[in-house]
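The values are calculated or read from the model by the stated rules, or taken from the named source; none is laboratory data. Worth saying up front: this structure is predicted, and the values here are computed from it rather than measured. Reconstructed Cβ throughout: ideal geometry from the backbone, glycine too, with neighbour counts over all protein chains shown. SASA here: full protein model, heavy atoms, side chains in, ligands and nucleic acids out. Shrake-Rupley method; radii C 1.70, N 1.55, O 1.52, S 1.80 Å.
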Amino acid sequence: QVQLVESGGGLVQAGGSLRLSCAASGITFSSYAMGWFRQVPGKEREFVAGITRSGASTSYAASVKGRFTISRDNAKRTVALQMDNLQPDDTAGYYCAASRRVGLISTLSGYDYWGQGTQVTVSS
């Protein structure tokens, strides 16, 4: 079955960095666009970053552009989210997602598979 397993979350001070990783199994990884979303309790899950199947193109939410970087390694079947200059507003559960669609996908409904999430907490 399809599994997306996130890792790398934790507690960090404002201005610090974390690197999230998502390992995929059960899918032909290079045939899926990948994305990262985040969610705070009581709020909707929101798009953070997306990457195309080949990794040639990326997109970011305005709130993280210039601070976060998404990348993928198709040989290792992983997608990563490098998060720099973290701020308290970045505190959330972070979720990896896979989409069969072509291109950059930024909507929740555009993704077919989801991981269980990893918590990121940024203290001020």
Original post:
Which values of log₁₀ I(q)/I(0), to two decimal places, follow from the Debye formula for the chain at q = 0.12 Å⁻¹ with a uniform point scatterer at every Cα?
Top reply: -0.38
Original post:
Of all the accessible heavy-atom surface of segment 1-114, with the other protein chains kept in place and a 1.4 Å probe, what percent is carbon and sulfur?
Top reply: 48
Subject >> Check: segment 1-119 dipole with +1 on Lys, Arg Cβ and -1 on Asp, Glu Cβ, in debye >> reply: 300
Original post:
Under a 1.4 Å probe, what is the accessible area of segment 1-92 per residue, stated in Å²?
Top reply: 50
**OP:** Kindly write out, for segment 110-124 in residue order, the coupling ³J(HN,Hα) from the Karplus curve 6.51 cos²θ - 1.76 cosθ + 1.60 (θ = phi - 60°), rounded to whole Hz, with x marking Gly and Pro.
**Re:** x, 9, 9, 9, 9, x, 7, x, 9, 8, 10, 10, 10, 8, 8
